[in-house]
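The values are calculated or read from the model by the stated rules, or taken from the named source; none is laboratory data. Since the model is a prediction, treat every value here as computed from it, not as a measurement. Neighbour counts run over all protein chains shown; Cβ positions are idealised from the backbone, glycine included. We work out accessible area using only protein heavy atoms, side chains counted, and drop any ligands, DNA or RNA first. Shrake-Rupley method; radii C 1.70, N 1.55, O 1.52, S 1.80 Å.
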Amino acid sequence: ATIRRTEPTAGSGDSARRFGTQRVLVEPDAASGVAVMKFKNPPVNSLSLELLTEFIISLEKLENDKTFRGVILTSDCPRVFSAGLDLTEMCGKNPAHYAEYWKAVQELWLRLYLSNLVLIAAINGACPAGGCLISLTCDYRILADNPKYLIGLNETLLGIVAPFWFKDTLVNTIGHRASEQALQLGLLFLPAEALQVGLVDQVVPEDQVLSTALSVMARWMAIPDHARQLTKNMMRKTTVDRLVKQRDADIQNFVSFISRDSIQKSLQMYLEKLKQKKG
Ligand SMILES: CCCCC/C=C\C/C=C\CCC/C=C/C(=O)SCCNC(=O)CCNC(=O)[C@H](O)C(C)(C)COP(=O)(O)OP(=O)(O)OC[C@H]1O[C@@H](n2cnc3c(N)ncnc32)[C@H](O)[C@@H]1OP(=O)(O)O
């Protein structure tokens, strides 16, 4: 994917010069040092290999540009933040594809979870499974107060299992007992429930999600970067190292698990159900 620059919006000067790729729009504001990164992979921002790749490229570009200290992650698709991992990448393919795909999923999580940037999730739509994982890698989560916008790691509902580093990320956020129950039951939380369990930090009216994210960002960016980054690293490095130490084994584990006939059947049935839902 190539990074494309688009023309700055009228009267906005350089700071609003947008860039990005086909599926990841980046609206940087150099004056404040904050960039808004919007997923644009309609209809549901499913985390395809292309979106994962473009996401990693755009994140790396922002991390390498010292103008930017904070990034707000949000969706350009209505009603959905991200539908999670792209199910079509995990069924009906071959082991080599599964390995390539999972490596990209690992890579995105590793880069987000230990990012030096302040990352705030402005969750403006449904946020299941892999979408929830992305929001959990952020430093702060704001969810729109819409009962249709459910959030959670619902993998067991599909007959699959969230791997240990998904689990670790959830435990680090809502604690062990709440995670144990949420993961086993594949719980999708309503906004008020997500707030109550600590899965999100704030629930606000839908039209205030971005403005709230911008004001929270200002608070986090008031902290000296180096001290905040060292603290974030101290909090998260043990969790990250668990995956780093066994990335290849984790890939092999995923490939053998996802390749099982029973799992393939579950995923196919789930995809069918999603399609029937529209009928
Ligand atoms: C101890 C042993 C451990 C072993 C572990 C080893 C490895 C780990 C194994 C597996 C990996 C687990 C990690 C998996 C994480 C995931 O993210 S799996 C994906 C889970 N996602 C979901 O369950 C969400 C499914 N989607 C929805 O619920 C809804 O689509 C919605 C997001 C609420 C939006 O609803 P709506 O606006 O009504 O849109 P539609 O449902 O009509 O969908 C529109 C079209 O998009 C397709 N689609 C939806 N979600 C996905 C998806 N995730 N991937 C691909 N495609 C998706 C849907 O089929 C529709 O398609 P058509 O327009 O009909 O073609």
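Each residue in the range 180-208 was checked for being without any contact (Cβ under 8 Å) to a residue 24 or more places away in the chain and either near the ligand (Cβ under 10 Å from one of its atoms) or touching a helix residue (DSSP H, G or I) at 6+ places or on another chain (Cβ under 7 Å) (or both), and 1 pass. When the residues of the range 92-134 are filtered to those that are open to solvent by 10 Å² or more (accessible area, probe 1.4 Å) and in a loop (DSSP other than H, G, I, E, B), the one that is nearest to K61 (Cα to Cα) is N116. Looking only at the range 26-48, decide whether some residue is open to solvent by 60 Å² or more (accessible area, probe 1.4 Å), within 16 Å of the chain's Cα centre (by Cα) and closer than 28 Å to S256 by Cβ. No, the range 26-48 contains no residue that is open to solvent by 60 Å² or more (accessible area, probe 1.4 Å), within 16 Å of the chain's Cα centre (by Cα) and closer than 28 Å to S256 by Cβ. Scanning the range 135-144 for residues that are open to solvent by less than 10 Å² (accessible area, probe 1.4 Å), over 17 Å from G84 (Cβ atoms) and not β-branched (V, I, T) returns a single hit, A144. Against the test of being within 16 Å of the ligand (Cβ to nearest atom) and more than 17 Å from the chain's Cα centre (by Cα), the options R177, R219, R228, R260 yield a single qualifying residue, R260.
Filter the range 61-91 down to the residues that are polar (S, T, N, Q), open to solvent by 30 Å² or more (accessible area, probe 1.4 Å) and not in a loop (DSSP other than H, G, I, E, B) and list them by number.
Just the residues of the range 61-91 that are polar (S, T, N, Q), to begin with: 64, 67, 74-75, 82, 88.
Next, from what is left, pick out any that are open to solvent by 30 Å² or more (accessible area, probe 1.4 Å): 64, 67, 88.
Residues satisfying the conditions are N64, T88.
Going by what's in this entry, would K265 be described as surrounded by fewer than 13 Cβ atoms within 10 Å (Cβ to Cβ) and within 16 Å of the ligand (Cβ to nearest atom)?
On the way: surrounded by fewer than 13 Cβ atoms within 10 Å (Cβ to Cβ): yes; within 16 Å of the ligand (Cβ to nearest atom): yes.
Yes, satisfied.
Buried (at least 21 other Cβ atoms within 10 Å of the Cβ) and among the polar types (S, T, N, Q): which single residue out of T169, T156 fits that description? Write out each step before concluding.
Details: T156 fails: buried (at least 21 other Cβ atoms within 10 Å of the Cβ).
Residue meeting the stated conditions: T169.
Apart from one condition, K245 fits all of (1) surrounded by 11 or more Cβ atoms within 10 Å (Cβ to Cβ); (2) more than 10 Å from the ligand (Cβ to nearest atom); the exception is (1). For the range 136-168, residues that are in contact with a Phe, Trp or Tyr (Cβ under 7 Å, 6 or more places away or on another chain), in a helix (DSSP H, G or I) and within 12 Å of the ligand (Cβ to nearest atom) total 2.
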